[in-house]
Amino acid sequence: MTPTSATVNAHAGRSKLMTLQEVYEELGISKSTWNDWKNKGRTPRFLKLPNNQVRIKRADFEKWLAQLEEVSV
């Protein structure tokens, strides 16, 4: 079945799910750093799929990053 343009556009409008590898690369961190942050409760919200893979909504990732910003005075 070939997707229609309406189907493609509907999927494009959804929040993109990021893999952990994409998060590691975007932040420039290692898996061990992520695991350390996760154990300390310092990661963005994430989804654990039935196959135990983890995904992060792009919107949640961006919100988390914004909360990390500090204003210099």
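Rule-based calculations on the coordinates, nothing more; no lab input. Please read these numbers as outputs of a predicted model, since none were measured by experiment.
Can you classify region 15-68 as rounded, prolate or oblate using the Cα gyration tensor, where a ≥ b ≥ c are the square roots of its eigenvalues, rounded means a/c under 1.5, and otherwise it's prolate if a/b beats b/c and oblate if not? Cα axes put region 15-68 in the rounded bin.
Rounded to whole numbers, the Karplus 3J(HN,Hα) couplings from phi for region 42-57 are 10, 9, x, 4, 9, 10, 9, 6, x, 8, 6, 6, 10, 10, 10, 5 Hz, using 6.51 cos²θ - 1.76 cosθ + 1.60 with θ = phi - 60°, and x at Gly and Pro.
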